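A.B. asks: A single structure is presented below for examination.
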């Protein structure tokens, strides 16, 4: 699988695909991985998350996938 863009979404997709047995190549046009996500300053927009259980579950899933993507990236950079 080829993932074009190594930002948050691309790396999350790459991590999920790799966990499911796919051979993955993530490419990024910038000199470093991160895409526009690297410009976010580590802030995730989750307006209205409040006490809505569905939204909270989606935010937790995003954070879990982001963590997996970071671990995957670290393996490739090591």
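A.B. asks: Which ones in region 1-13 are out of contact with any strand residue (DSSP E or B) (no Cβ under 6 Å at 6 or more places or on another chain) and assigned to a loop (DSSP other than H, G, I, E, B)?
C.D. replies: Listed by number, the residues that qualify are 1, 5, 7.
A.B. asks: Under 6 Å by Cβ, and 6 or more places apart or on different chains, what pairs join a residue from region 26-42 that is on the phi < 0 side of the Ramachandran plot with one that is in a loop (DSSP other than H, G, I, E, B) and at pLDDT 70 or above?
C.D. replies: Pairs that qualify, where the first residue is on the phi < 0 side of the Ramachandran plot and the partner is in a loop (DSSP other than H, G, I, E, B) and at pLDDT 70 or above, are 26/6; 28/6; 33/6; 36/7; 37/7.
A.B. asks: Continuing with the same structure: Would you point out the residue of region 35-72, among those that are modelled with pLDDT under 75 and under 17 Å from residue 4 (Cα atoms), that is surrounded by the fewest Cβ atoms within 10 Å (Cβ to Cβ)?
C.D. replies: In this case the residue turns out to be 36.
A.B. asks: Answer yes or no: is there a residue in region 14-25 that is at pLDDT below 80 and outside any loop (DSSP other than H, G, I, E, B).
C.D. replies: No, region 14-25 contains no residue that is at pLDDT below 80 and outside any loop (DSSP other than H, G, I, E, B).
The values are calculated or read from the model by the stated rules, or taken from the named source; none is laboratory data. Everything quoted here is computed from the prediction, not taken from an experiment. FYI the Cβ positions are ideal-geometry reconstructions off the backbone, even for glycines, and counts take in every protein chain you see.
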